[in-house]
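Heads up: the structure comes next, in structure tokens.
The values are calculated or read from the model by the stated rules, or taken from the named source; none is laboratory data. All values derive from a computational prediction rather than experimental measurement. Note that each Cβ is placed from the backbone with ideal geometry, even for glycine, and that neighbours are counted across all protein chains shown.
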Amino acid sequence: MIPAAFEYHAPGSIGEATALLVKFGDEAKVLSGGQSLIPLMKLRLAGPRHLVDINGIPDLAYIREADGFLRIGALTRESELEESDLVRTRYPLLHDTCQVIADPLVRNLATIGGNLAHGDPANDHPATMLALGAEVVAIGRKGERRIPIASFFTGPFATALGPDEILVEVRVPIPPPRSGGAYLKLERKVGDFATAAVAVQLALGANGACEQVGIGLTNVGLTPIKAGQAEAALKGKRPDDKAIQRAAQLAADASQPSEDLRGPVEYKKDLVRVLTARALKRALERAGGR
Amino acid sequence: MQITLSINGEKHEADVEPRFLLVHLIRDILRLTGTHIGCDTTHCGACTVLLDGRPVKSCTMFAVQARGKEIMTVEGLEQNGKLHPLQEGFMAEHGLQCGYCTPGMLMTSHAFLKTHPTPTEEDIRRAISGNLCRCTGYVNIVKAIQYAAAKLRG
């Protein structure tokens, strides 16, 4: 399959890239890893007239802690996250997530920036970043701005990014001591989108109660879902079995899946309940809570 | 668009439309037909080539993106008429039946063994999880990769 014809641009800087986006507006798309965009273009579900390839822009791929954040450059490949000692030892939720995205070959090209900017509720980083309370940094015509992840996903395949903006960095707050996280995904096979998946991040206080709780849901709604009521039910409480079961039920209630080949609505909602409970338990273990 | 890239150590120049996929350049223009097109939808891995040493799906990358890069295809495995230990392994252990997925399997496992000289069975299965085989059930593919790993360790 060959995509519709387009004009190819390979800017050497963010400034050049945003200038191209300003010039071509809705007719342009940013090409990052291309592992979602190119399949859509081949199926002619997307047909940008101009493709702005940001892969040649230097200094957009990095993973480092600075100023209270884990800062990840938008062009960082999933495989680089997977192999990062920093991610593996300090960010177990993120490490879980990048190991189950698509397949190992796709992960060699796919980027974290693309995974978020694509705005697909079936992608895995959105729920994880919701649970981690991350923010993204975008650069556009008017300069740089920071967008909290909770207000980033505005609809199916739609984000808060303006047509002239490029996502350049993801910032995850460095978790306090006694933190833990986990991502649990059920997929029919490697490479398939999640039937459902749940991201959990929590931090325990000195008394063993949950000081911070983040819960994000993948592919059970038109956008990635932040399970706010489930989070609120745990906050300030000791995460005993009863509290976990209650939060898991609230997460299931927050999901809005639709029936498809992966299963009916009731099944997917119950899957969210089960995965949330398991992810909470694993996050708790990793936080040293039991 | 005029591009230059290196394939199996040899420099190539080509004039390609931006919408041309890397696999089209490799197969249709350069006539290196060892790389296969399977599903054409980023699932099966039959089109796997190495891009600067990393296995990627050449049906999901534009040829223009490979300008200035080093590509390795299955044709680059054999050296001076001698099969690579992986190719030997797939023969010795019966790691193929129809052979359609084999070039992709070989390229993925070639990159994998460079970084994992003593893999467990689970490591191997995980590494090839982006390459689909509909014939073998994978058992003999895993054995073939183990054969090559042992031979490469010497």
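Per-structure values
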{"read-out": "Of all residues in the stretch B:17-61 being polar (S, T, N, Q) and surrounded by fewer than 20 Cβ atoms within 10 Å (Cβ to Cβ), the one that is nearest to the chain's Cα centre (by Cα)", "value": "B:T33"}
{"read-out": "In the stretch B:61-104, the residues that are polar (S, T, N, Q) and either touching a Lys or Arg at 6+ places or on another chain (Cβ under 7 Å) or within 14 Å of another protein chain (Cβ to nearest Cβ) (or both)", "value": "B:Q65"}
{"read-out": "Test: residue in the stretch B:23-44 that is among the acidic types (D, E), within 18 Å of A:R107 (Cα to Cα) and not assigned by TED's automatic domain parsing to the domain that holds B:I128", "value": "yes"}
{"read-out": "Top-ranked residue of the stretch A:35-64 - restricted to ones that are within 16 Å of the chain's Cα centre (by Cα) and touching a residue at least 60 places away in the same chain (Cβ under 8 Å), ranked as farthest from the other protein chains (Cβ to nearest Cβ)", "value": "A:S36"}
{"read-out": "Leading residue by the ranking (nearest to B:V23 (Cα to Cα)) among those in the stretch A:22-31 that are charged (D, E, K, R) and more than 13 Å from chain B (Cβ to nearest Cβ)", "value": "A:E27"}
{"read-out": "Unmet criterion (only one of (1) among the small types (G, A, S); (2) farther than 21 Å from B:C44 by Cβ; (3) surrounded by fewer than 21 Cβ atoms within 10 Å (Cβ to Cβ)) for B:A148", "value": "(3)"}
{"read-out": "Residue within the stretch A:10-21 that is farther than 30 Å from A:L217 by Cα, at the interface with another protein chain (Cβ under 10 Å from one of its Cβ atoms) and either in contact with a helix residue (DSSP H, G or I) (Cβ under 9 Å, 6 or more places away or on another chain) or not aromatic (F, W, Y) (or both) present", "value": "yes"}
{"read-out": "Selection from the stretch A:227-273 of residues that are over 19 Å from A:A182 (Cα atoms) and in a strand (DSSP E or B)", "value": "A:D260, A:G263"}
{"read-out": "Residue among A:V198, A:V172 that is touching a residue at least 60 places away in the same chain (Cβ under 8 Å), outside any loop (DSSP other than H, G, I, E, B), over 30 Å from B:H43 (Cβ atoms) and of a type in the set (V, I, T)", "value": "A:V172"}
{"read-out": "Any hit, the stretch A:87-99, residues being assigned to a loop (DSSP other than H, G, I, E, B) and surrounded by 23 or more Cβ atoms within 10 Å (Cβ to Cβ)", "value": "yes"}
{"read-out": "From the options A:D120, A:D164, A:D192, residue that is touching a Lys or Arg at 6+ places or on another chain (Cβ under 7 Å) and assigned to a loop (DSSP other than H, G, I, E, B)", "value": "A:D164"}
{"read-out": "Filter result for B:H12 (facing chain A (nearest Cβ under 10 Å) and on the phi < 0 side of the Ramachandran plot)", "value": "no"}
{"read-out": "Filter result (more than 18 Å from the chain's Cα centre (by Cα) and not in a loop (DSSP other than H, G, I, E, B)) within the stretch A:65-81", "value": "A:E65, A:A66"}
{"read-out": "Test for B:G34: is it touching a Gly at 6+ places or on another chain (Cβ under 6 Å) and more than 27 Å from B:G154 (Cα to Cα)", "value": "no"}
{"read-out": "Count of residues meeting criterion [surrounded by 19 or more Cβ atoms within 10 Å (Cβ to Cβ), in contact (Cβ under 8 Å) with a residue 40 or more places away in the chain and farther than 19 Å from A:A102 by Cα] in the stretch B:96-139", "value": "4"}
{"read-out": "B:S58 vs. criteria in contact with a helix residue (DSSP H, G or I) (Cβ under 8 Å, 6 or more places away or on another chain) and at pLDDT 95 or above", "value": "yes"}
{"read-out": "Hits in the stretch A:1-42 (condition: within 21 Å of A:N115 (Cβ to Cβ) and surrounded by fewer than 15 Cβ atoms within 10 Å (Cβ to Cβ))", "value": "none"}
